[in-house]
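Since the structure comes first, as structure tokens, the remarks are kept for the end.
The values are calculated or read from the model by the stated rules, or taken from the named source; none is laboratory data. Just so it is clear, the structure is predicted and the values come from calculations on it, not from any experiment. Cβ coordinates were reconstructed from backbone atoms using ideal geometry, including for glycine residues, and neighbour counts include every protein chain displayed. Areas reflect the complete protein model, heavy atoms only, side chains present, ligands, DNA and RNA absent. Shrake-Rupley method; radii C 1.70, N 1.55, O 1.52, S 1.80 Å.
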Amino acid sequence: RLVEWLDSTVDHICSEAATALVNLVRRHPQLKEIIAPPLPRALKYNVKEPSGKASLIYLLGECGTDEAPYALEKVIDSYDTEDSAVVRMALLTATVRLFFQRPPEVQHMLGRLLAKVTDDVSNQDLHDRGLFYYRLLSSGGPEVESVARAAVKAAPPPSDLFAEEDDAALRKELMKEFNTLSILYGKPSVNFIASKYQIPYVQLPTEHPLPPGAEDTGVMVPPPNPAPAPGAVLAAPVAAAPVDTAPVADAGDMVDLLGFGGDAAPAAAPVAPSTSLSLKSPVTMSGDEYQATWEAIPDADATVTAIPLSTMPTLQWMEQTLASVSIFTMASGELPTELKFYHYCCSGDVFYLIQSNITKGEEPLLIVTCKSQGVEKEALMEYMKSSLT
């Protein structure tokens with residue numbers, strides 16, 4: 001059907017058919033004999049667009065039929081009236097290739113074309129290529145001729161994929177999961193890992209999203225309790241370990257290790273780790289200070305943790321809950337797939353900056369990124385986790 005369209009009187013249809021046939025010949029060289037007959041006729045009568053004309057000229061040089069030299073000679077004669085550099089480049093390449101297939105018919109027309117091209121200063125690439133071909137062919141000698149023939153007539157590499165099959169978007173997604181099984185399977189992890197086991201990919205921003213000179217426009221919800229006096233220090237709550245007051249069982253009651261019977265001693269409850277973290281309240285921080293502090297701390301020093309949530313929280317609930325434990329919100333917002341927060345708090349004289357992302361879904365997941373020069377980032381993460389869960 002593409003070959004039939006070469007005889008179409010509609011210029012753009014014939015042009016697109018010729019462009020498609022170029023790719024088809026590269027992938028299936030055996031189709032040259034079927035494509036070759038209508039090429040001279042299409043070049044003479046049907047195609048005026050530069051891209052289609054260049055494609056037809058390329059096919060004539062590639063197929064090398066008996067009529068190809070005479071079809072190209074008419075284009076060479078009208079070289080001065082041809083404005084397209086693409087057509088001139090294709091004409092030069094096709095004529096040189098055709099010269100090695102039909103030297104007697106092409107020799108004189110190739111000489112005229114090289115004279116025109118080397119005098120042409122409208123396109124530097126075209127001028128340099130014509131000069132290269134002229135020097136290559138005029139150097140003489142059988143060895144030079146064999147090298148020139150091999151270089152000019154070398155078949156272009158066959159195309160394994162059409163443009164529709166070359167999925168750049170898929171490759172971009174796979175590069176985000178480079179060191180995983182996604183590379184082996186050739187598909188993103190969402191196609192072979194259940195959603196509840198998915199860990200969202202979060203990339204730290206090169207610059208903090210707050211623009212330079214931004215004011216503190218985030219909603220800062222005061223704690224529900226009365227605000228303490230300035231300079232007061234709030235200690236992080238530490239869960240007290242339950243005291244086991246049961247009498248100590250004798251040795252005979254503690255022998256049944258495999259559960260075959262007998263009364264086993266109750267296991268002692270784990271003791272919650274203590275922390276020296278203490279957060280100041282109230283504290284204030286401007287948008288400029290927040291951004292400058294965030295950019296000053298390298299991403300390698302950030303601490304990232306994931307906190308599963310039982311239900312999807314709202315912006316107001318998150319801000320109020322964290323404000324009640326002296327973690328204040330600089331800015332927040334809702335995106336189509338997630339909630340985003342920028343928090344800060346202060347322990348001693350050190351500020352801690354926190355970026356929180358909550359993915360929407362049946363099983364929401366909170367990804368927390370903390371940046372600070374302090375050494376209590378891990379303790380702050382645990383403190384924040386206990387406050388929210």
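For segment 361-389, name all the residues that are open to solvent by 20 Å² or more (accessible area, probe 1.4 Å) and small (G, A, S).
The answer is G361, A379, S386, S387.
Take segment 94-121 and flag every residue that is of a type in the set (A, V, I, L, M) and part of a helix (DSSP H, G or I).
Passing the criteria: A94, V96, L98, V106, M109, L110, L113, L114, A115, V117.
State all residues of segment 1-42 that are aliphatic (A, V, I, L, M), open to solvent by 20 Å² or more (accessible area, probe 1.4 Å) and more than 36 Å from the chain's Cα centre (by Cα); if no residue qualifies, say none.
Correct list: V3, V10, L31, I34.
Take the residues in segment 63-80 that are outside any helix (DSSP H, G or I) and out of contact with any helix residue (DSSP H, G or I) (no Cβ under 6 Å at 6 or more places or on another chain), then tell me which one is most open to solvent (accessible area, probe 1.4 Å). First the steps, then the outcome.
If we filter segment 63-80 for residues that are outside any helix (DSSP H, G or I), which is where we start, we get 64-67, 78.
Subset that is out of contact with any helix residue (DSSP H, G or I) (no Cβ under 6 Å at 6 or more places or on another chain): 65-66, 78.
Working: T65: 39, D66: 97, S78: 45 Å².
Top of the filtered list is D66.
Starting from segment 81-93, take each residue that is outside any helix (DSSP H, G or I) and list its partners that are open to solvent by 20 Å² or more (accessible area, probe 1.4 Å), counting only C-beta distances under 8 angstrom and pairs at least six apart or across chains.
E82/R88; S84/P50; S84/K53
Filter segment 311-360 down to the residues that are among the small types (G, A, S) and out of contact with any Gly (no Cβ under 8 Å at 6 or more places or on another chain), then identify the one that is surrounded by the fewest Cβ atoms within 10 Å (Cβ to Cβ).
Keep residues of segment 311-360 that are among the small types (G, A, S), which gives 323-324, 326, 331-333, 347-348, 356.
Those still in the list that are out of contact with any Gly (no Cβ under 8 Å at 6 or more places or on another chain) too: 323-324, 326, 333, 356.
Working: A323: 21, S324: 15, S326: 22, G333: 12, S356: 23.
Residue satisfying both the conditions and the ranking: G333.
Would you be able to tell me the number of residues in segment 357-383 that are out of contact with any Lys or Arg (no Cβ under 6 Å at 6 or more places or on another chain) and part of a loop (DSSP other than H, G, I, E, B)?
Within segment 357-383, residues that are out of contact with any Lys or Arg (no Cβ under 6 Å at 6 or more places or on another chain) and part of a loop (DSSP other than H, G, I, E, B) number 9.
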